[in-house]
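Student: If you scroll down you'll find the structure; I have some questions about it.
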Amino acid sequence: MNPFSSGTRLRDMIRAIRACKTAAEERAVVRKECAAIRAAINENDTDYRHRNLAKLMFIHMLGYPTHFGQMECLKLIASPGFPEKRIGYLGLMLLLDERQEVLMLVTNSLKQDLNHTNQYIVGLALCALGNICSAEMARDLAPEVERLLQFRDPNIRKKAALCSIRILKKVPDLAENFINPATALLREKHHGVLITGVQLCTDLCKISTEALENIRKKCTDGLVRTLKDLANSPYSPEYDIAGITDPFLHIRLLKLLRVLGEGDADASDSMNDILAQVATKTESNKVAGNAILYECVQTIMSIEDNGGLRVLAINILGRFLSNRDNNIRYVALNMLMKAVTADGQAVQRHRATILECVKDSDASIRKRALELVYVLINDTNVKPLAKELIDYLEVSDQDFRADLTAKICSIVAKFSPEKIWYIDQMLKVLSEAGNFVKDEVWYALIVVITNASELHGYTVRALYRAFQTSAEQETLVRVTVWCIGEYGDMLVHNVGMLDIEDPITVTESDAVDIVEIAINRHASDLTTKAMALVALLKLSSRFPSCSERIREIIVQFKGSFVLELQQRAIEFNAIIAKHQNIRSTLVERMPVLDEAAFIGRRAGSLPGAASTTTVPSVSLPNGVAKPVAPLVDLLDLSSDDAPAPSSSGGDFLQDLLGVDLAPASQQSAGQASKSGNDVLLDLLSIGSPSQTSSSTVDIISSNSSNKAPVLPLDDLSSVSLSSKASSNAAPMMDLLDGFAPSAPTENNGPVYPSITAFESNSLRLTFNFSKQPGSPQTTVIQATFTNLTSNTYTDFVFQAAVPKFLQLHLDPASSNTLPAAGNGSITQNLKITNSQHGKKSLVMRTRIAYKINGKDTLEEGQVNNFPREL
């Protein structure tokens, strides 16, 4: 006989395939066998059809295409004999799925077989239907399956129940037809039928509210009795597993009770006793027992509140944590995470065991236990738990350190009882795992340090000690360098010594040594070296005796290939060598940073806070910085969640005037190149389209020497600009109205209190308010700027931005020069119209730019303290 003829036995084909030494040989064998099967199919060979289909199933399992044999399945299913039908249905389930159109042809055969007198053929049909049933087949065959739920043979009833589950998943609308037959199955004595009936009822309850209420009302007591009989049943070899009678049925019953008891106090009360019995009497030294206990705990935690049962359930989970099986410990940690919200005090009793799991060798358990510890920490236990975690940080794996460090930093920041404890813990973390600390963490540490004035000396000494042993931790180096730059004199003179400190002797040269080591470290990155250069500049003023040495260190970076370091080195060297008269002023200590505003920004609750900053920039490779458009930054439009800034004049004019300028984006290249100012001229019919952008500026201010600056705008509906105007500047034209703003008129309305809108070490801004009669939504503000320093400010410019529900108009400032030491002031009038008057309060972001001795300075702030009646 040809070894590859259609008459070849299945075992011979399998032997030939297994004998192949290479994949190419295997493909050749399969190819020849498939060719022989195709030939037999074409010849309509009925003698070996079942054998050919069996071969095709094996070939399919090897991953080769067998679609050409699908019709053979249908022919075998239509055969009268049981053996042919069995192979046909097996092939149908293996070679086809519910998406195949061929499947529609088998519906009639399935219907006939479901009504067959031979129960084994009925079982084959139910098995196939339960595996590949589509929605159309479910609707057509649901009546036959529903009828078979009451069949005399328990195996058919069991298969019919499983098939019903598939039908309900495909067509949930049929649920009401299965409620009564399904509840009847819950009274079965045969465990196989009963377990499928319980599963069918569980799925019914999840699909249909009507079924849930019906089963809850009629079957809860019966299910409780069934579970009680099962838990108290004597040894039965037929169902016994590890000394427990049918644990699978136990678990299915507990799942159904959980669904019935959730949200219903009466049903929960009726099952409390049996749940307590299962929880206390089930042995936990076998896998089967642990599975039942776990399901029992889930049921207890899901049904309506019973304090005693919850404590019992959490104690079971606590026992699971001591189990040697990692899977059991993991599921226990998962359940405890859910249980914390229900009964946190009971979970706290197992805190020590949970903490041990953080030190487990299994990475999954460590991570889950750490998340649970984080949830458990509160104001009362933060100190011991943080100490345990930091102690473990010293010996933890490198892969786990990032997660552990992040959690410790979050815990310390969230629950810190006092600033000295916060600083101590953070220094420990930086010393042990500083390379894993994120930037915002050490930013926050510096903010806290600046606010703890009485701890400046203590902190800089602690950092000095930590640096001696942990100089390889990058973030520790940064914080140390920053603090020595700010408080190096306190380190040398032992200012603010606390009782808990050991005496330490540090010379000025020692302090400079620390910064020099940091800047010359091979591992130090650009940020660290830049911070070290700033620290050296500050120390040159604080330690005059080391000034020359510091200058030599700085000069080394004048030839740096990194532009940022080169620029700093050149500028700082010039300051030390040529500008000693202003050096002490330039390197004054940083003002106290606004801790609340910083926390708010980190949480995303505040768009910004009052601060003195340099011009914002985006860092590019090699230390090059690209300035951000001032107004974009003022409105926080450069943040990640803001829309991308518009590049065309048409976009912001569309927002400003409410005009659809979409066609403008489709103009020719020559037209598209016109500036946004030209578009503005055209829309307002001012001048000809051929005018240049400079003539547009002249429209805004008639005095060409005092023109308002044209700045890049991203959303003019929320921005108004002041002009860099002198005392004789012409009034700015209102682009929306075409009229020059008039001076605010006097009124006899209510008097509103003045506020300090912004104040820093160098500048104060106050607002005085008035309203025009008959226009309560419009507020006139007189802004007064006062210089608090001994330097005169020149090129003074005030900018403001408001939300879209406000309209803001600014008059020109009274001057662009602000006298020193409060010997004069600049005033500027603002007019705000609140479209949500009475509903929303005024809010404003401010930006003030000026020059001190020719050097640009920028200050920003947010005004939130407007009187509510405005």
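The values are calculated or read from the model by the stated rules, or taken from the named source; none is laboratory data. Since the model is a prediction, treat every value here as computed from it, not as a measurement. Methodologically, a virtual Cβ is constructed for each residue, glycine included, from the backbone with ideal geometry; neighbour enumeration extends over all protein chains shown. What goes into the accessible areas is simple: the full protein's heavy atoms, side chains included, and nothing from ligands, DNA or RNA. Shrake-Rupley method; radii C 1.70, N 1.55, O 1.52, S 1.80 Å.
Student: Which log10 I(q)/I(0) values, to two decimals, does the stretch 1-160 give at q = 0.20 Å⁻¹ under the Debye formula with one point per Cα?
Tutor: Log10 of I(q)/I(0), two decimals: -1.18.
Student: Say R0 is 45 Å: what FRET efficiency, to the nearest 0.05, do TYR235 and GLU210 get from their beta-carbon distance? Spell out each step's value before the answer.
Tutor: Working: r = 41 Å, r/R0 = 0.90.
Once rounded, the FRET efficiency stands at 0.65.
Student: Per-residue HN-Hα couplings for the stretch 526-542, Karplus 6.51 cos²θ - 1.76 cosθ + 1.60 at θ = phi - 60°, whole Hz, x for Gly and Pro?
Tutor: Karplus values, whole Hz, x for Gly and Pro: 4, 4, 5, 5, 5, 5, 5, 5, 5, 4, 4, 4, 5, 5, 4, 8, 6.
Student: Keeping every protein chain present and rolling a 1.4 Å probe, give me the accessible area per residue for the stretch 752-863 in Å².
Tutor: 40 Å²
Student: Ignoring ligands, DNA and RNA, what accessible area per residue does the stretch 461-516 give at 1.4 Å, in Å²?
Tutor: 38 Å²
Student: What distance in nm lies between label points placed 7 Å from Cα along the C-beta direction at MET497 and ASN451?
Tutor: About 3.0 nm separates the two model spin labels.
Student: Apply the Kirkwood formula to the stretch 1-80: the hydrodynamic radius equals the inverse of the mean of 1/r over all pairs of different alpha-carbon atoms; give it in Å with one decimal.
Tutor: By the Kirkwood definition, the hydrodynamic radius is 12.8 Å.
Student: Once you order the gyration tensor axes a ≥ b ≥ c over the Cα atoms, which shape class does the stretch 228-278 get: rounded for a/c under 1.5, otherwise prolate or oblate by comparing a/b with b/c?
Tutor: prolate
Student: If you place +1 on the Cβ of every Lys and Arg, -1 on the Cβ of every Asp and Glu, and leave all else neutral, what size is the dipole of the stretch 83-231 about its Cα centre, to the nearest 20 Debye?
Tutor: Once rounded to the nearest 20, the dipole reads 540 debye.
Student: In addition: Which of the residue pairs LYS85/LYS170; LYS32/LYS55; LYS387/LYS428; LYS338/LYS359; LYS338/LYS383 have a Cα-Cα distance greater than 18 Å in the structure shown?
Tutor: Among LYS85/LYS170; LYS32/LYS55; LYS387/LYS428; LYS338/LYS359; LYS338/LYS383, the Cα-Cα distance tops 18 Å for LYS85/LYS170; LYS338/LYS359; LYS338/LYS383.
Student: Separate question: From the P(r) of the stretch 122-207, can you give the percent of Cα pairs sitting at distances over 17 Å?
Tutor: On the way: 1320 of 3655 pairs.
Beyond 17 Å sits 36 percent of the P(r) for the stretch 122-207.
Student: Evaluate 2.2 N^0.38 Å with N set to the residue count of the stretch 752-863, then give the Cα radius of gyration divided by it.
Tutor: Normalised by 2.2 N^0.38 Å, the Cα Rg of the stretch 752-863 equals 1.11.
Student: Using square roots of five times the C-alpha gyration tensor eigenvalues, list the equivalent-ellipsoid semi-axes of the stretch 310-423 in whole Å, biggest first.
Tutor: Working from the Cα gyration tensor, I get semi-axes of 23, 18, 10 Å.
Student: Sticking with this one: Pairs of lysines 8 or more apart, or on different chains, with alpha carbons under 24 Å: count those in the stretch 752-863, would you?
Tutor: Final tally of qualifying lysine pairs is 9.
Student: Another one. Using a Förster distance of 35 angstrom, determine the FRET efficiency expected from the C-beta separation of ASN115 and ASN44, and round it to 0.05.
Tutor: With a Förster radius of 35 Å, E is 0.80.
Student: Another one. Report the full-extension gain for the segment VAL555 to ASP221: residue separation times 0.36 nm, less the Cα-Cα distance, to one decimal in nm.
Tutor: Here the answer is 111.4 nm.
Student: Now, a different point. For a quick protection proxy, order the peptides 762-773, 831-842 by their average other-Cβ count within 10 Å, most packed first.
Tutor: Numbers: 762-773: 17.7, 831-842: 15.6.
In decreasing order of mean packing, 762-773, 831-842 become 762-773, 831-842.
Student: Using packing as a proxy for protection, rank 580-589, 495-504 so that the peptide with the highest average count of other Cβ atoms within 10 Å comes first. Working shown, then result.
Tutor: Working: 580-589: 13.1, 495-504: 10.9.
Order by mean packing, descending: 580-589, 495-504.
Student: Taking 22 Å as R0, compute the FRET efficiency from the Cβ-Cβ separation of ASN853 and GLU759 and round it to 0.05. Mind dumping the intermediate values first?
Tutor: Details: r = 22 Å, r/R0 = 1.01.
Rounded to the nearest 0.05, the efficiency is 0.50.
Student: Here's something else I'd like to know. Mind checking the alpha-carbon convex hull of the stretch 468-580 and giving the volume per residue in Å³?
Tutor: Cα-based convex hull of the stretch 468-580, divided per residue, equals 97 Å³.
Student: If you roll a 1.4 angstrom probe over the protein chains with everything in place, what fraction of the accessible area of the stretch 404-602 belongs to carbon and sulfur, to the nearest %? All intermediate terms of the calculation are to be shown ahead of the outcome.
Tutor: Numbers: 4630 of 8750 Å².
Roughly 53 percent, rounded to a whole number.
Student: Count the net charge of all other residues whose Cβ sits under 12 Å from the Cβ of LEU565, scoring Lys and Arg as +1 and Asp and Glu as -1.
Tutor: 0
Student: Where does each of 819-825, 299-305, 191-197 land if you order them by average Cβ count within 10 Å, highest first?
Tutor: Values: 819-825: 13.3, 299-305: 20.1, 191-197: 21.9.
Peptide ranking by packing, descending: 191-197, 299-305, 819-825.
Student: Quick check: convex hull of the Cα atoms in the stretch 240-306, volume per residue, rounded to a whole Å³?
Tutor: So the per-residue Cα hull volume is 68 Å³.
Student: Let me ask another. Please list the non-local residues whose amide H lies under 5 Å from the amide H of ASP246, H modeled 1.01 Å from N, same-chain partners needing a gap of 5 or more.
Tutor: ASP240, ILE241
Student: What's the local net charge at HIS50, with K and R +1, D and E -1, over the other residues with C-beta under 13 Å away? Intermediate results must be reported in sequence, preceding the final value.
Tutor: Working: positive: ARG9, ARG49, ARG51, LYS55, LYS75, LYS85, ARG86; negative: ASP45, ASP47, GLU72, GLU84.
Residues near HIS50 contribute +3 overall.
Student: Sticking with this one: Check which residues have an amide H placed less than 5 Å from ALA757's amide H, if you skip close sequence neighbours.
Tutor: Sorted by chain and number, the residues that satisfy this are LEU765, THR766, PHE767.
Student: What per residue convex hull volume, in Å³, do the alpha-carbon atoms of the stretch 404-602 yield? Don't skip to the end; give the middle numbers.
Tutor: Numbers: hull volume 24.2 nm³, N = 199.
Hull volume normalised by residue count: 122 Å³.
Student: Report the extension gain between GLN566 and PHE82 in nm, rounded to one decimal, defined as 0.36 nm multiplied by the number of residues separating them, less their alpha carbon distance.
Tutor: Contour length minus Cα-Cα distance gives 165.3 nm.
Student: Which distance in nm do the two modelled labels at LYS414 and VAL751 give, with both placed 7 Å along the Cα-to-Cβ direction?
Tutor: According to this spin-label approximation, the distance is 5.0 nm.
Student: For ALA363 and ARG401 in the same chain, what is the full-extension length gain: residue separation times 0.36 nm, less their Cα-Cα distance, in nm? Working shown, then result.
Tutor: Values: separation 38, 0.36 × 38 = 13.68 nm, distance 1.14 nm.
Here the segment from ALA363 to ARG401 would lengthen by 12.5 nm.
Student: Counting Lys and Arg as +1 and Asp and Glu as -1, each charge on the Cβ, what is the dipole of the stretch 311-354 about the Cα centre in debye, to the nearest 20?
Tutor: Working: 6 positive and 2 negative charges, 20 e Å.
Rounded to the nearest 20 debye, it is 100 debye.
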